Amino acid sequence: MQVNRLVLSQMRRFVDVTLEPRAGMNLIVGDNGAGKTTFLEALHLMAYGRSFRGRVRDGLVRHGEEALQVFVEWQEPGSDGAPRSRRAGLRHSGQAWQGRLDGEDIDQLGTLCAALAVVTFEPGSHALVSGSADWRRRFVDWGLFHVEHDFLGLWRRYARALKQRNALLKANASAAALDAWDVELAQAGEPLTSHRQHYLDRLQARLLPLAGQLSPSLGVQSLEFSPGWRRQEVSLADALLLSRERDRVAGYTSVGPHRADWSVRFASGMGREALSRGQAKLTALAALLAQAQDHAQEKGDWPLVALDDLASELDRHHQRRVMDWLAATPAQVFVTATEVPAALAGNVQPAAVFHVEHGQVDPAV
Ligand SMILES: Nc1ncnc2c1ncn2[C@@H]1O[C@H](COP(=O)(O)OP(=O)(O)O)[C@@H](O)[C@H]1O
Ligand SMILES: [Mg+2]
């Protein structure tokens with residue numbers, strides 16, 4: 001997909017600003033605090049329902065205003081192969097929101113998230129490797145949400161059943177009452193886990209060559225999936241039954257896909273604790289790009305790729321390799337930087353450079 005117009009109103013420092021990106025690499029430059037990251041946040045908001053720097057209520061709405069608005073117009077391949085124009089709008093106050101997609105009101109934010117696909121690498125992205133398992137589950141589930149049509153339904157069913165089971169455990173409910181929800185959890189949780197397993201298998205096949213190309217010395221060797229219970233030995237239904245008495249004491253469900261995780265194995269044998277911040281970043285970036293590539297293969301269209309402050313996150317050699325890799329794809333890319341990165345001075349030329357200053361943006365190609 002390719003964005004032609006991005007309009008932000010009352011978002012962070014901007015009153016009203018329009019960006020008209022080109023196909024290929026779009027560089028957004030400006031001083032610290034100019035508002036560069038805000039453009040990436042606006043795309044991310046449409047694609048995830050929140051910014052990578054927090055929810056709308058965490059300060060995305062311009063001080064003194066009631067709500068922000070984001071409007072995106074893009075093109076994507078239609079079912080007949082011809083380009084299809086699409087547009088999405090979101091007004092969000094932090095509590096209430098209204099959204100529109102292709103001229104129609106929508107009643108779930110997820111509808112926007114399903115329409116616009118963005119992969120973002122930003123200064124907090126190392127958490128994908130070194131942070132809590134929540135990050136890694138969300139990462140996998142995002143990929144599946146876009147690619148597997150039944151995934152969201154399974155995920156919702158599982159989440160609902162989990163909530164019910166936990167409430168019953170706390171209330172010390174009867175075995176019969178718990179039985180019904182264990183069945184439901186297993187019926188949603190088993191196929192959900194198969195999806196995750198397949199996704200990670202596929203991702204590993206993409207990640208290994210990609211990581212080797214971006215950073216051979218990292219020695220990324222494999223992706224290991226932990227489904228959230230001892231799946232090799234027992235079914236989810238049995239695992240739930242086996243942990244029932246322990247779960248009653250704890251007051252929550254201790255096994256199942258909500259406890260799933262995955263990790264990257266390195267040739268050196270080091271674990272996630274031993275990784276430097278820089279290594280964690282590179283690994284996270286490789287995983288995100290592998291995810292973008294996977295999305296492109298499965299959907300026949302590249303997601304947008306947003307790289308916040310790339311030059312301060314990676315050394316020049318790694319920036320160069322990332323830029324070269326991206327330049328060889330048809331992906332539309334958004335990169336923010338305080339100045340034109342050295343990695344972009346050579347063979348990879350940005351399609352457009354935007355200067356952000358005084359709450360305005362000037363295209364200067
Ligand atoms: N809710 C807000 N209302 C008004 N200004 C804001 C708000 N949140 C952030 N800002 C301002 O927006 C700017 C931050 O934008 P950001 O996109 O992070 O800049 P950059 O990435 O260029 O450093 C800062 O100048 C900050 O003071
Ligand atoms: Mg920034």
Original post:
For region 155-205, what is the convex hull (Cα atoms) projected area averaged across all directions, in square nanometres?
Top reply: 3.7 nm²
**OP:** Positive end of the charge dipole of the chain (Lys, Arg +1 and Asp, Glu -1 on Cβ, about the Cα centre): tell me which of T37, V353, P191 has its Cα farthest that way.
**Re:** P191
Subject >> Within the chain, helix-based [θ] at 222 nm, where runs of 4 or more DSSP H residues each add -39,500 (n - 2.57), nearest 500 >> reply: -13500 deg cm²/dmol
Original post:
Hey, what's region 180-230 come to in accessible area per residue, 1.4 Å probe, Å²?
Top reply: 43 Å²
**OP:** Compare R165, R62, R316 by solvent-accessible area with a 1.4 Å probe and give them largest first, with all protein chains kept in place.
**Re:** R316, R62, R165
Original post:
Residues with beta-carbon under 11 Å from that of H358, excluding H358: net charge, scoring Lys, Arg +1 and Asp, Glu -1?
Top reply: -2
Original post:
Does anyone have the angle between helix 175-214 and the longest principal axis of the chain? Alpha-carbon axes, 0 to 90°, nearest 10?
Top reply: 40 degrees
Original post:
Taking the DSSP beta bridges in the chain as the whole, what percent of them are antiparallel, to the nearest 5?
Top reply: 70 percent
Original post:
³J(HN,Hα) across region 235-252 via Karplus (A = 6.51, B = -1.76, C = 1.60, θ = phi - 60°), whole Hz, x for Gly/Pro?
Top reply: 6, 5, 4, 5, 4, 5, 5, 4, 9, 4, 5, 4, 5, 4, 5, 6, x, 7
Original post:
Got a number for the accessible area of L242? Probe 1.4 Å, square angstrom, nearest 10.
Top reply: 130 Å²
Original post:
Who wins for biggest fluctuation among G103, G256, G143 in a Gaussian network model of the chain, springs between alpha carbons below 10 Å?
Top reply: G103
Subject >> Rounded to whole Hz, the Karplus (6.51, -1.76, 1.60) HN-Hα couplings of region 25-36, x for glycine and proline >> reply: 8, 10, 9, 10, 10, x, 5, 4, x, 5, x, 4
**OP:** Report the charge-dipole magnitude of the chain in Debye, nearest 20, computed about the Cα centre from +1 at each Lys and Arg Cβ and -1 at each Asp and Glu Cβ.
**Re:** 720 debye
**OP:** Would you mind getting the accessible area per residue of region 234-365, heavy atoms of the protein chains only, 1.4 Å probe, in Å²?
**Re:** 44 Å²
Original post:
Got a sec? Charge dipole of the chain, +1 on Cβ for Lys and Arg, -1 for Asp and Glu; which of G54, F225, V333 is way out at the positive end?
Top reply: F225
Original post:
Hey, got the Cα dimensions of region 132-299 along the principal axes, in Å, largest first?
Top reply: 56, 36, 25
Original post:
At a 1.4 Å probe, what is the % contribution of carbon and sulfur to the accessible area of the chain?
Top reply: 47 percent
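The values are calculated or read from the model by the stated rules, or taken from the named source; none is laboratory data. A quick note: this is a predicted structure, and the numbers were derived from the prediction, not measured. Neighbour counts are summed over all protein chains in view; Cβ atoms, including those assigned to glycine, are modelled from backbone coordinates with ideal geometry. Each accessible area value is taken on the protein alone, full model and side chains, heavy atoms only, with ligands, DNA and RNA left out. Shrake-Rupley method; radii C 1.70, N 1.55, O 1.52, S 1.80 Å.
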